[in-house]
Amino acid sequence: MTVQVSSVVVGSAVVYLALVTMVGIWAAQRTTSAKDFFIAGQKLGWIVTAFATMSAAFSGFVFMGGPGLMYRVGVASLFICVPVGFTSGLLCWVVGKRLRLLAGLQEIYTVPDVILCRYQSRLASGLAAGAIVIGTIAYLGAQLQALGILVETVFGTRALFGPWSLLGAMILGSIVVVFYATVGGMVAGVYTDLLQGGLMVAAAVVVFWYCLQAGDGLEAMSLSIADSDMFGPGFLNPFGTLSVKTAIGFFFVFAVGVLGQPHMLHKFFMLENPRALKWLPLVIGLTQSACILIWLGIGLAVPALVSRGLLSPLVNPDDAAPQFLLSFTPGALAGLVVAGVLAAIMSTADSFVNIGSAAIVRDVPKAFGRQIRNELLWGRIVVVGLASIAVIFAFLYRDLIALVGTFAFGTFAAALAPAVAVGLNWRRVSGVAASASIMTGVVVNLGLEFLSKQVVFEWLPDAPLARGALPSATALAASFSVLLVVSWLWPADPKLGLDPDVEFVMDV
Amino acid sequence: MKVARPFGDVGVIRRLALIFLAVGSSVIVVCCCYSGIVADLSMVVFVMGFPTALIGLAVARNGRIGPLTVPLGVLALILEGCGIGIFLLRDQNSLELWFGGVPLAAALLVYGLWFGPLLLVGLAYGMTFDRWELRESDLRRFEERRCGSGKDAEK
């Protein structure tokens, strides 16, 4: 089925991009210091923080990658997103309070700052910064890939530019992201997140309704899918098309790994007041769940419509969301939703360019005992470089958005979750244990991912994993294991003691 | 190497949480390297328990979790129950049992693992916040410390 590019959709997308650009310019006038650039001046109320956290977490991964993955593997893909039912509470209970209190007592702008403060170890914070740079490039790459596919579909560039269309579309989209991230930093990021968060929630709920309408309800869609030769009843079984290890591995990485995601942890530093934490989990949980409806809705509607012959089978599963929006929703709504999806992608991409630039400009020099003089200027320069590398990475990786995103999420999870989550709650964890854990997470994740995917070096063995086991899940578990064992065998030296502010925060 | 007091000075709840995390993470690594029903089921059990163990480690005060005992207990039951339930239904592609428009296994995933904890966790956090998570006395001490360090007092 050929999709006609609607002028209403294109117009909506252009209006949205212009609006975002204006927010970037407005924010630039309010960004006068590194504190403004990296943590929005630590002046955010809980509503803005809730929407910023939700927006940063949700991205092209959810809006396009999710339905695409579900088209390929069935409801098993939902193991990635169902943890939103409790991850907001997990975050606030395990790390949120302590992160915010620490940021109120010391100059904390980044996750490596937290690690340096907690462990008094430049090695641990330097390793964390390195892990963040790697994960940022991958995560940003996934967002820019999603952006590219959406721009391609909305503006119809595939027919015009052939195989170079995706790269061109990614570059075009990344220019807008880089612009408002560069000039406005995190101030631009969080206020566009507020706009984007509202848009995303509204768009997701409305699209879910249209999915139910197009598919005649959940039961009818499920029956169509189950009766089809292309999908079958296994599509609807959580362990039907994916092995238990893959599905549960997804759940593990996305449930526990959220504790190591810098773009989410970062938001706690920005809260104006620790009391603002009180209703944060409820608001984040509800808004995230509203957004996930699009994954469930399109994920069931598109296979059902393909089964009934109302939609052509997809060549690229990541086309599921754009195809449904452009074919089964009114032009004005499709335009709103496209803007919402652009919002999701850009809010996450913006968070990551800022976090990545902070890691390079602040955290890596700190690990070597140095400080760059003009962090604000260099932060902006690095943003451009990071976006460029991310575009190249995504273009070369060439896999589904959700799988690129899973690799990135898993990199952060395996490297940072144990050191941050356990370290802020157990005094016995030392800098040695944290460093060993971070190193284990990065090396195991990258190593297993490389061995699983590479085809160039035939003499290299396959990854020593059982069929279906995820490299990122293995790395996350290994990282926890190393942290706990090393802490047991080589505990923190009680004579050296913790930083008094850390001692206080861990006592609260 | 000091192994005489493996956990340091922590209460019962935190000790249990740390044991679960240590055993669970090691078991998960092993399960990722071996195939078979035992490996699969073990992975389900320990993965589903991980979030509750981490929360228990974080929220315990003086060996207790106070008003969070019931919510965390219910959370653990929901996660483990749904995880094991989905595992037991893994070979059944039959469409005889339905709930909420989807087959039973998918219903456990969507309505159990996703919707089940949604209000429970958000409300438990908000309603116990002032009593347990960040008490007035904690905030007073924080403000005193913050003012003492020369930073402006927070609103």
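The values are calculated or read from the model by the stated rules, or taken from the named source; none is laboratory data. As the structure is a computational prediction, the values presented were derived from the model and not from experiment. Note: ideal-geometry Cβ built from the backbone for every residue, glycine included; neighbour counts use all protein chains shown.
Annotations for the structure displayed:
- Elements of type helices (runs of 4 or more DSSP H) in the stretch B:88-150, at least 3 residues being closer than 30 Å to B:Thr69 by Cα and not small (Gly, Ala, Ser): B:116-128, B:136-148
- Count of the stretch A:75-119 residues which are outside any helix (DSSP H, G or I) and closer than 14 Å to A:Met506 by Cβ: 1
- A:Val62 vs. criteria surrounded by fewer than 24 Cβ atoms within 10 Å (Cβ to Cβ) and closer than 30 Å to A:Phe239 by Cα: no
- For the stretch A:449-458, filtered to residues that are part of a loop (DSSP other than H, G, I, E, B) and of a type outside the set (D, E, K, R), the residue that is nearest to B:Gly148 (Cα to Cα) is A:Gln454.
- Selection within the stretch B:62-108 - buried (at least 17 other Cβ atoms within 10 Å of the Cβ), of a type in the set (A, V, I, L, M, F, W, C) and more than 25 Å from A:Gly89 (Cβ to Cβ): B:Leu89, B:Val102, B:Leu104, B:Ala105
- Among the residues making up the stretch A:459-502, a single one is more than 8 Å from chain B (Cβ to nearest Cβ), part of a helix (DSSP H, G or I) and free of Cβ contacts under 8 Å to residues at least 24 places away in the same chain: A:Pro500.
- Lone unmet requirement of (1) within 22 Å of the chain's Cα centre (by Cα); (2) modelled with pLDDT under 75 for A:Ile25: (1)
- Unmet criterion (only one of (1) within 26 Å of A:Ala387 (Cβ to Cβ); (2) modelled with pLDDT of 90 or more) for A:Thr348: (2)
- A:Val508 of a type in the set (A, V, I, L, M), surrounded by fewer than 24 Cβ atoms within 10 Å (Cβ to Cβ) and either under 24 Å from A:Gly249 (Cα atoms) or within 22 Å of the chain's Cα centre (by Cα) (or both): no
- Yes/no for B:Asp138 being over 16 Å from A:Gly89 (Cβ atoms), facing chain A (nearest Cβ under 7 Å) and acidic (Asp, Glu): yes
- Verdict on A:Phe352 being surrounded by fewer than 24 Cβ atoms within 10 Å (Cβ to Cβ) and part of a helix (DSSP H, G or I): no
- Checked against (1) in contact with a Cys (Cβ under 9 Å, 6 or more places away or on another chain); (2) outside any loop (DSSP other than H, G, I, E, B), A:Arg158 passes all but condition (1).
- Matching residues in the stretch A:285-307 - criterion: being closer than 23 Å to A:Gly234 by Cβ and small (Gly, Ala, Ser): A:Gly297, A:Gly299, A:Ala301, A:Ala304, A:Ser307
- Residues that are surrounded by fewer than 23 Cβ atoms within 10 Å (Cβ to Cβ), within 27 Å of A:Met70 (Cα to Cα), in contact with a Gly (Cβ under 7 Å, 6 or more places away or on another chain) and more than 9 Å from every other protein chain (Cβ to nearest Cβ) are absent from the stretch B:14-37.
Let's see how each residue does on (1) closer than 14 Å to A:Ile345 by Cβ; (2) out of contact with any Asp or Glu (no Cβ under 7 Å at 6 or more places or on another chain); (3) at pLDDT 80 or above:
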{"position": "A:Leu116", "(1), (2), (3)": "no, yes, yes"}
{"position": "A:Gln120", "(1), (2), (3)": "no, no, yes"}
{"position": "A:Leu123", "(1), (2), (3)": "no, yes, yes"}
{"position": "A:Thr136", "(1), (2), (3)": "no, yes, yes"}
{"position": "A:Val154", "(1), (2), (3)": "yes, yes, no"}
{"position": "A:Thr157", "(1), (2), (3)": "no, yes, no"}
{"position": "A:Phe161", "(1), (2), (3)": "no, yes, no"}
{"position": "A:Trp164", "(1), (2), (3)": "no, yes, no"}
{"position": "A:Gly173", "(1), (2), (3)": "yes, yes, no"}
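- Residues that are modelled with pLDDT under 85 and not in a loop (DSSP other than H, G, I, E, B), drawn from the stretch A:368-387: A:Glu375, A:Leu376, A:Leu377, A:Trp378, A:Gly379, A:Arg380, A:Ile381, A:Val383, A:Val384, A:Ala387
- The conditions of being among the polar types (S, T, N, Q) and more than 11 Å from every other protein chain (Cβ to nearest Cβ) are not met by A:Ser289.
- Residue within the stretch A:223-246 that is crowded, with 20+ Cβ neighbours inside 10 Å, touching a strand residue (DSSP E or B) at 6+ places or on another chain (Cβ under 6 Å) and aliphatic (A, V, I, L, M) present: yes
- Verdict on A:Ala475 being among the hydrophobic types (A, V, I, L, M, F, W, C) and at pLDDT below 90: no
- From the list A:Ile372, A:Ile360, the one residue that fits, being free of Cβ contacts under 8 Å to residues at least 24 places away in the same chain and of a type in the set (A, V, I, L, M, F, W, C), is A:Ile372.
- Test: residue in the stretch A:425-445 that is in contact with a Lys or Arg (Cβ under 9 Å, 6 or more places away or on another chain), surrounded by fewer than 19 Cβ atoms within 10 Å (Cβ to Cβ), at the interface with chain B (Cβ under 9 Å from one of its Cβ atoms) and touching a residue at least 60 places away in the same chain (Cβ under 8 Å): no
- The single condition among (1) of a type outside the set (Phe, Trp, Tyr); (2) without any contact (Cβ under 8 Å) to a residue 12 or more places away in the chain; (3) part of a helix (DSSP H, G or I) that B:Leu79 does not meet is (2).
- Of the residues making up the stretch B:112-127, those that are in contact with a Gly (Cβ under 6 Å, 6 or more places away or on another chain) and touching a residue at least 12 places away in the same chain (Cβ under 8 Å) are B:Pro117, B:Val121.
- For the stretch A:216-270, a tally of residues being within 12 Å of chain B (Cβ to nearest Cβ) and not in a helix (DSSP H, G or I) returns 11.
- Check on A:Ala103, aliphatic (A, V, I, L, M) and within 14 Å of chain B (Cβ to nearest Cβ): yes
- Annotation note: Cβ proximity below 9 Å between a residue of the stretch A:159-175 that is loosely packed, with under 13 Cβ neighbours inside 10 Å and a residue that is among the hydrophobic types (A, V, I, L, M, F, W, C) and assigned to a helix (DSSP H, G or I) (sequence gap 6+ or interchain) occurs for A:Ile175/A:Ala387.
- Which listed residue, of B:Ala53, B:Ala17, B:Ala39, is of a type in the set (Gly, Ala, Ser), in contact with a Ser or Thr (Cβ under 9 Å, 6 or more places away or on another chain) and at negative phi: B:Ala17
- Matching residues in the stretch A:271-291 - criterion: being surrounded by 24 or more Cβ atoms within 10 Å (Cβ to Cβ) and not in a helix (DSSP H, G or I): A:Leu271
- Residue within the stretch B:128-149 that is closer than 30 Å to B:Ala53 by Cβ, modelled with pLDDT under 90, in contact with a Gly (Cβ under 9 Å, 6 or more places away or on another chain) and not β-branched (Val, Ile, Thr) present: no
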